[in-house]
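Colleague: Sharing a structure here in structure tokens format.
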Amino acid sequence: MISRSLVTKLLFFLTLSFFSSALFAQEANLDEGKAIFKGNCATCHNKNMKDKMTGPALGGVEERWEGREELLYAWIRNSQAVIATGDAYAVSLYKEYNNSVMTAFPNLTDDQIRNMLAYIDGVYKGTYGPTLAVVNPVGDTGAGAPKEGSNFLYFTLFLILAILAIVLARIVSNLRHMAQVREGGEVAPRATLMDVITSKGVVGFAVFSLVVLGGYTSVNNAIDLGRQQGYAPDQPIKFSHATHAGLQKIDCQYCHDGARRSKHSVIPAANTCMNCHKAIKYGSEYGTAELTKIYASVGYNPNNDTYIEDADGMDNADFENIYKKWIKEQFVEKKETEPRYEGNAKRLLAAAEEAAETQWDGIVTSLTNDQKEKIYGPIEWIRIHNLPDHAYFNHAQHVSVGKVECQTCHGPIEKMEVVAQHSPLSMGWCINCHRQTEVQFADNEYYQSYELYHEQIKNGERDKVTVEDIGGLECQKCHY
């Protein structure tokens, strides 16, 4: 006779099998490959996959390593280890790019690398589009369901497994009944479907499933907490880094002056903007629409180039008259020579009035909210990069001491119209950087106390010192 404990064991192993496949054999996809490429490779490799940059063009990389996929994966994880084996192609590639050390990514799994290579190939061949393509276990790509579809698949499998568990319990109950009849003993009433569903085995299976599913979800959500790679919110003022840092070549630390001297890079005060925009009053992209927001926030009257006295005591209606007048005058001055307005003053004035109304609405929307009723006052920018409270990061340590460029973490900021979080800012990402980044010992007073390392470099015993060598992987450095 099949015992109740046997049913419970069968249900347990069925559940374990289901969740093992769900947790460890998840489908990979090209969008994940794109995220991995952007977060780890885009700084040195051209995103069009066809042109060289700091590193080689990645288009066709699998063909160049054809027949040696395992070595390619090893190269991505640690190129220096592959070079140390003396592999001819690896050594020649290293020399071709002036012995530049490629960042190691030891934590990338086979599926992640396979996804990234599939994304690279898709971009290179022009076959990658907005629809997610699924990568099968052997690495071929094909059209597939969106990523969200995998959750539906898991739910469907779970539902099927639950039905099978109930059917199995029902079968076991019938077998037990038949065995009792055959033995000729006292026959217990045949269990109903409700008896099966509420039996200890099924209830235990349901509880176990919920615990595993809840734990898996909780851990994943905890890991992802605060990590928002690609996050690019609309700001109250459309500030373009591409114009300021790219076109105008304004140094990052002119505005973010805290980066060289404090833990935080700081958000520039509006007075920093006014250093330039007391003179530059008409934007190349938005005209007066965005610059007037700055003037309104600091109480500056561009009509007579003075700061408004007692601006804090004024209401929005008083500011409205000042800035609408400014917007209309600038509109007339800049647009009166355009063919559509030339010789038609009535149309020009009507358009100027409309522009003033529209831009004033934009000022009010951007600078006020339920907690801030007046447009005068600090601009409430939306934070993009936000580490968890238990992680310590010091900008001055990296910028002034480590001589780290802003783009190392923030990506090509000088090309961004709207700022987005470029790097994952995960613990693994930081650790990999500390393992690979060479400390700039030469002419750096901060590191004079490391006499042993200086002596080893001088004697040729050591060619570099990494952040890891000086304690960069000690837990208390970041989690004090």
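The values are calculated or read from the model by the stated rules, or taken from the named source; none is laboratory data. All of these numbers come straight from a predicted model, not from anything done at the bench. Virtual Cβ from ideal backbone geometry, glycine too; neighbours counted across all protein chains shown. With ligands, DNA and RNA removed, areas are computed over all heavy atoms of the protein, side chains included. Shrake-Rupley method; radii C 1.70, N 1.55, O 1.52, S 1.80 Å.
Colleague: What single numbered condition from (1) open to solvent by less than 60 Å² (accessible area, probe 1.4 Å); (2) more than 23 Å from VAL399 (Cβ to Cβ) fails to hold for LEU225?
Modeller: (1)
Colleague: Taking the options TYR119, TYR124, TYR216, name whichever one is modelled with pLDDT of 80 or more, closer than 30 Å to ASN48 by Cβ and open to solvent by 60 Å² or more (accessible area, probe 1.4 Å).
Modeller: TYR124
Colleague: Suppose we keep only residues that are open to solvent by 30 Å² or more (accessible area, probe 1.4 Å) and of a type in the set (Ser, Thr, Tyr) within the range 317-367. Which one would you say is farthest from THR306 (Cα to Cα)?
Modeller: Going through the qualifying residues, I end up with THR337.
Colleague: Right, next: Any residue that is out of contact with any Lys or Arg (no Cβ under 8 Å at 6 or more places or on another chain), surrounded by 17 or more Cβ atoms within 10 Å (Cβ to Cβ) and either assigned to a loop (DSSP other than H, G, I, E, B) or touching a residue at least 24 places away in the same chain (Cβ under 8 Å) (or both) - is there at least one of those in the range 279-288?
Modeller: no
Colleague: Identify, please: which residue in the range 383-400 is over 18 Å from the mean Cα position of the chain (by Cα), of a type outside the set (Gly, Ala, Ser) and open to solvent by less than 80 Å² (accessible area, probe 1.4 Å) and is, among those, farthest from GLY258 (Cα to Cα)?
Modeller: Ranking the candidates gives TYR392 first.
Colleague: State yes or no: is ILE250 of a type in the set (A, V, I, L, M, F, W, C), in contact with a helix residue (DSSP H, G or I) (Cβ under 9 Å, 6 or more places away or on another chain) and open to solvent by 80 Å² or more (accessible area, probe 1.4 Å)?
Modeller: Taking the combined requirement at face value, the residue does not satisfy it.
Colleague: Need the failing condition index for LYS403 against (1) under 25 Å from the mean Cα position of the chain (by Cα); (2) at negative phi; (3) of a type outside the set (Asp, Glu), just the number.
Modeller: All conditions are met except number (2).
Colleague: Mind checking whether some residue in the range 414-421 is among the polar types (S, T, N, Q), closer than 30 Å to ASN301 by Cα, surrounded by 14 or more Cβ atoms within 10 Å (Cβ to Cβ) and in contact (Cβ under 8 Å) with a residue 12 or more places away in the chain?
Modeller: No, that holds for no residue.
Colleague: Would the range 431-438 turn up any residue that is open to solvent by 80 Å² or more (accessible area, probe 1.4 Å), at pLDDT below 95 and either part of a helix (DSSP H, G or I) or in contact with a Phe, Trp or Tyr (Cβ under 7 Å, 6 or more places away or on another chain) (or both)?
Modeller: Yes; the residues of the range 431-438 include at least one that is open to solvent by 80 Å² or more (accessible area, probe 1.4 Å), at pLDDT below 95 and either part of a helix (DSSP H, G or I) or in contact with a Phe, Trp or Tyr (Cβ under 7 Å, 6 or more places away or on another chain) (or both).
Colleague: Would you say ASN316 is under 21 Å from TYR376 (Cα atoms) and touching a Phe, Trp or Tyr at 6+ places or on another chain (Cβ under 6 Å)?
Modeller: no
Colleague: Continuing with the same structure: Give me the residue from the range 256-278 that is hydrophobic (A, V, I, L, M, F, W, C) and open to solvent by less than 40 Å² (accessible area, probe 1.4 Å) and, out of that set, farthest from TRP360 (Cα to Cα).
Modeller: ALA259
Colleague: Of the residues that sit in the range 152-176 and are over 41 Å from the mean Cα position of the chain (by Cα) and free of Cβ contacts under 8 Å to residues at least 12 places away in the same chain, which one is surrounded by the fewest Cβ atoms within 10 Å (Cβ to Cβ)?
Modeller: Ranking the qualifying residues of the range 152-176, first place goes to VAL167.
Colleague: Among (1) open to solvent by 80 Å² or more (accessible area, probe 1.4 Å); (2) modelled with pLDDT of 85 or more; (3) not hydroxyl-bearing (Ser, Thr, Tyr), which single condition is LYS47 missing?
Modeller: Here LYS47 clears every test but (2).
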